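Enquirer: Below is a structure I'd like to ask you about.
The values are calculated or read from the model by the stated rules, or taken from the named source; none is laboratory data. Because the structure is a prediction, the values reported are computed rather than measured. Using ideal geometry, Cβ is built from the backbone for each residue, glycine included, and neighbour counts are taken over all protein chains shown.
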């Protein structure tokens with residue numbers, strides 16, 4: 001699989017500690033779990049092995065996403081929908097993943 005998708009932006013964002021770090025982690029978590037639920041196994045595995053294979057980091061970031069997993073942002077602005085919202089199916093699988101530890 002050629003990594004020409006969002007990988008370089010994600011990598012730069014999580015490594016440099018920029019203001020995009022939180023957004024990058026949340027979008028990585030969301031992309032991984034939504035791809036997994038949708039059956040895009042190659043994408044889910046690629047994201048996992050490139051970014052989420054460290055169990056402590058994966059757990060920490062996933063817990064933050066699940067704690068704030070609301071479909072609508074609490075602020076009324078142009079982003080009305082939350083960028084890190086997990087669908088009910090993805091949320092259920094992610095919660096089961098956390099509970100398996």
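Enquirer: Can you name every residue in the range 11-25 that is closer than 18 Å to residue 94 by Cβ and either modelled with pLDDT of 90 or more or crowded, with 20+ Cβ neighbours inside 10 Å (or both)?
Expert: Residues satisfying the conditions are 24, 25.
Enquirer: Counting only residues that are in contact with a helix residue (DSSP H, G or I) (Cβ under 9 Å, 6 or more places away or on another chain) and assigned to a helix (DSSP H, G or I), how many does the range 61-70 have?
Expert: Looking only at that region, the number is 6.
Enquirer: Quick one: count up the residues across the range 27-42 that are in contact (Cβ under 8 Å) with a residue 24 or more places away in the chain and over 18 Å from residue 95 (Cβ atoms).
Expert: Of the residues in the range 27-42, 2 are in contact (Cβ under 8 Å) with a residue 24 or more places away in the chain and over 18 Å from residue 95 (Cβ atoms).
Enquirer: Let me ask something additional. Against the condition exposed (fewer than 14 other Cβ atoms within 10 Å of the Cβ), part of a helix (DSSP H, G or I) and at pLDDT 90 or above, how does residue 49 come out, does it pass?
Expert: yes
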